[in-house]
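Visitor: Before I ask anything, here is the structure I am working with.
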Amino acid sequence: MSKNIINQLAEEKDSYFNAAIPPIFSNSNFLFSNVEDMRNAMSSKSPSPFYTRGSNPTTSIFEKKIAALEGTEKAIALGSGMAAISTAILSQIKSGEHIISVRRPYTGTDRFMKEILPPLNIEVSFVDGTDTENFKNMIKNNTKLIYLESPNSWTYEMQDLEEISKIAKKQNIITIIDNSYSSPINCNPSKWGIDIIIHSATKYIGGHANAMGGVICSSSKIIDTINNKEFKLIGSVLSPFNSWLFINGLRTLPIRMKHISESTPKVVKFLEENSEVKEVIYPSSKNFPQNKLVKKYIKKPCGQFTIVLKSEKKSKIEKFCNNLNNFFMGASWGGHESLIFPEISRYNNNSEYYSKTDFLPHNFVRFYIGLEETDLLIEDLDKSLKSIT
Ligand SMILES: *Cc1c(COP(=O)(O)O)cnc(C)c1O
């Protein structure tokens with residue numbers, strides 16, 4: 001019988017006194033008493049513990065579980081979601097080459113592609129991902145990578161993973177997807193031929209807003225190469241303590257996702273029926289224009305959506321946000337706590353990136369539904385919406 005991935009896989013309990021959960025190997029270093037053992041540890045294809053910027057026993061348990069959940073041969077964990085994204089992209093592209101990316105990916109990814117890659121002589125073209133033809137039409141002789149986020153951040157535009165990966169494979173183009181929105185529970189893009197799958201573990205995988213990390217899942221060939229090169233040489237190591245927190249996070253990931261899949265559609269339905277709300281953009285709503293793709297790729301409803309308030313008055317929008325008691329405002333999501341991220345908070349920000357960026361309209365508010373009782377959240381929204389009528 002195969003082992004339960006979350007409770008058992010990769011846990012060799014008899015090597016640590018049958019403790020119920022694995023220890024935190026907080027080591028930088030692992031020691032040898034003869035040259036042969038040291039040589040073997042360094043040269044081995046699947047590296048044995050030698051130095052934590054390379055391999056760590058606590059982190060390895062986390063990596064094996066994530067790879068199994070995503071259905072890939074291997075995974076590698078890094079210090080943040082952005083570390084996973086930048087390391088994976090840099091592993092697949094060099095000067096003089098071209099990337100096609102879905103437009104409006106996660107803000108950090110957008111900035112990486114606009115601020116870090118062009119000075120390295122790497123060109124990025126952004127396309128509307130809702131039409132697969134746009135990827136096809138943008139391919140040039142030097143295109144090496146297609147970067148996806150399905151659905152993308154804030155506006156949740158879906159991409160047809162199977163069709164895009166078919167086009168890419170024909171032309172020897174690698175595909176990468178940021179799968180954070182769905183978690184490994186609700187979408188497994190390797191099934192549709194996507195080569196590299198990334199998660200910000202900071203979000204659903206950790207699940208308690210207490211640790212930052214990221215993962216890259218792929219074939220042994222790709223992961224071994226990244227491990228030996230970009231991971232070691234760029235050096236964004238996940239701390240063993242955070243690996244341990246993520247192993248704990250995984251234990252409850254399926255039931256957290258189950259709760260969220262039941263709770264979020266109820267909150268969305270309430271908002272869709274409220275006259276102060278012009279629109280709710282939510283992939284799992286019956287009103288979502290790309291319903292067919294959502295049905296094909298996302299197993300159960302997830303916890304993020306964006307609302308468009310009817311009012312365009314700044315004071316009303318801010319009042320609605322400020323009057324919520326059970327939603328805090330914050331950048332992240334995927335934890336126990338429900339959050340909003342008002343687009344209006346990005347206005348009048350004098351950073352250079354924001355001065356060059358097309359904002360969404362200021363009446364957009366991004367939501368994340370956490371683990372609180374659904375009725376409590378709906379009551380809170382009702383009260384706050386009434387306060388601006
Ligand atoms: C948060 C986030 C990231 C970045 O992850 P960090 O762990 O914050 O570096 C990447 N992609 C998406 C979709 C995210 O929401």
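Visitor: Hey, does the range 289-302 have a residue that's within 15 Å of the ligand (Cβ to nearest atom), in contact (Cβ under 8 Å) with a residue 40 or more places away in the chain and within 20 Å of THR58 (Cα to Cα)? I'd like the intermediate steps shown before the answer.
Guide: Within the range 289-302, the first condition is being within 15 Å of the ligand (Cβ to nearest atom), and the residues that meet it are 298, 302.
Those left that are additionally in contact (Cβ under 8 Å) with a residue 40 or more places away in the chain: 298, 302.
Right, trim to within 20 Å of THR58 (Cα to Cα) and you get none.
Checked against the condition, which is being within 15 Å of the ligand (Cβ to nearest atom), in contact (Cβ under 8 Å) with a residue 40 or more places away in the chain and within 20 Å of THR58 (Cα to Cα), the range 289-302 yields no hits at all.
Visitor: Right, THR252: closer than 27 Å to THR59 by Cα, among the hydroxyl-bearing types (Ser, Thr, Tyr) and at pLDDT 95 or above or not?
Guide: Details: closer than 27 Å to THR59 by Cα: yes; among the hydroxyl-bearing types (Ser, Thr, Tyr): yes; at pLDDT 95 or above: yes.
Yes: the conditions hold for THR252.
Residue-by-condition table, conditions (1) of a type in the set (S, T, N, Q); (2) under 15 Å from the mean Cα position of the chain (by Cα):
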position: ASN141; (1), (2): yes, no
position: LEU148; (1), (2): no, yes
position: SER153; (1), (2): yes, yes
position: ASP160; (1), (2): no, no
position: ASN172; (1), (2): yes, no
position: SER183; (1), (2): yes, yes
position: GLY193; (1), (2): no, no
position: ILE198; (1), (2): no, yes
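Visitor: Considering only helices (runs of 4 or more DSSP H) fully contained in the range 275-389, which possess at least 1 residues that are of a type in the set (Phe, Trp, Tyr)?
Guide: On the way: elements: 291-297, 314-322, 352-355, 374-386.
Output list reads 291-297, 314-322, 352-355.
Visitor: Against the conditions (1) in contact (Cβ under 8 Å) with a residue 60 or more places away in the chain; (2) under 18 Å from ALA201 (Cβ atoms), where does LYS64 fall short? Just the number, please.
Guide: Condition (1) is where LYS64 drops out.
Visitor: Taking helices (runs of 4 or more DSSP H) that fall entirely within the range 105-197, which contain at least 2 residues that are more than 23 Å from PHE288 (Cα to Cα)?
Guide: Values: elements: 107-111, 132-138, 161-170, 183-186.
Once the helices (runs of 4 or more DSSP H) in the range 105-197 are filtered for at least 2 residues that are more than 23 Å from PHE288 (Cα to Cα), what remains is 107-111, 132-138, 161-170.
Visitor: So which of SER190, SER180, SER200 is crowded, with 21+ Cβ neighbours inside 10 Å and over 18 Å from PHE112 (Cβ atoms)? Give the derivation first.
Guide: Details: SER180 fails: over 18 Å from PHE112 (Cβ atoms); SER200 fails: over 18 Å from PHE112 (Cβ atoms).
The conditions single out SER190.
Visitor: While we're here: Any idea which of (1) within 16 Å of the ligand (Cβ to nearest atom); (2) of a type outside the set (Val, Ile, Thr); (3) modelled with pLDDT of 95 or more is the one LYS144 doesn't satisfy?
Guide: So the condition that LYS144 fails would be (1).
Yes or no, residue by residue, for (1) farther than 17 Å from ASN56 by Cα; (2) free of Cβ contacts under 8 Å to residues at least 24 places away in the same chain; (3) within 14 Å of the ligand (Cβ to nearest atom); (4) exposed (fewer than 15 other Cβ atoms within 10 Å of the Cβ):
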residue	(1), (2), (3), (4)
ASN210	yes, no, yes, yes
LYS221	yes, yes, no, yes
ASP224	no, no, no, no
SER236	no, no, yes, no
PHE241	no, no, no, yes
LEU245	no, no, yes, no
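Visitor: SER275: modelled with pLDDT of 95 or more, over 30 Å from ILE66 (Cβ atoms) and of a type in the set (Ser, Thr, Tyr), yes or no?
Guide: Yes.
Visitor: Taking the range 311-344, which residues are surrounded by 14 or more Cβ atoms within 10 Å (Cβ to Cβ), farther than 26 Å from GLY206 by Cα and among the polar types (S, T, N, Q)?
Guide: SER311, ASN323
Visitor: Which count do you get for residues in the range 88-120 that are within 16 Å of the ligand (Cβ to nearest atom), β-branched (Val, Ile, Thr) and touching a strand residue (DSSP E or B) at 6+ places or on another chain (Cβ under 6 Å)?
Guide: Residues flagged as within 16 Å of the ligand (Cβ to nearest atom), β-branched (Val, Ile, Thr) and touching a strand residue (DSSP E or B) at 6+ places or on another chain (Cβ under 6 Å) within the range 88-120 amount to 1.
Visitor: Further question on the same structure: Give me the pairs: first residue in the range 95-120 and more than 19 Å from TRP333 (Cβ to Cβ), second residue within 11 Å of the ligand (Cβ to nearest atom) and in a helix (DSSP H, G or I), beta-carbon distance under 6 Å, and six or more apart or on different chains, which are they?
Guide: What qualifies is PHE112/SER86.
Visitor: Okay, moving on. For residues that are in contact with a helix residue (DSSP H, G or I) (Cβ under 7 Å, 6 or more places away or on another chain) and part of a helix (DSSP H, G or I), scanning just the range 72-87, find the one that is nearest to the ligand (Cβ to nearest atom).
Guide: First pass over the range 72-87, keeping only residues in contact with a helix residue (DSSP H, G or I) (Cβ under 7 Å, 6 or more places away or on another chain): 72-78, 82, 85-87.
Checking which are part of a helix (DSSP H, G or I) leaves us with 82, 85-87.
Values: MET82: 4, ILE85: 6, SER86: 9, THR87: 11 Å.
Taking the candidates together, the pick is MET82.
The values are calculated or read from the model by the stated rules, or taken from the named source; none is laboratory data. Every value quoted in this text rests on a predicted model; they were computed, and no experiment measured them. Backbone-built Cβ (ideal geometry, glycine too); neighbour counts: all protein chains shown.
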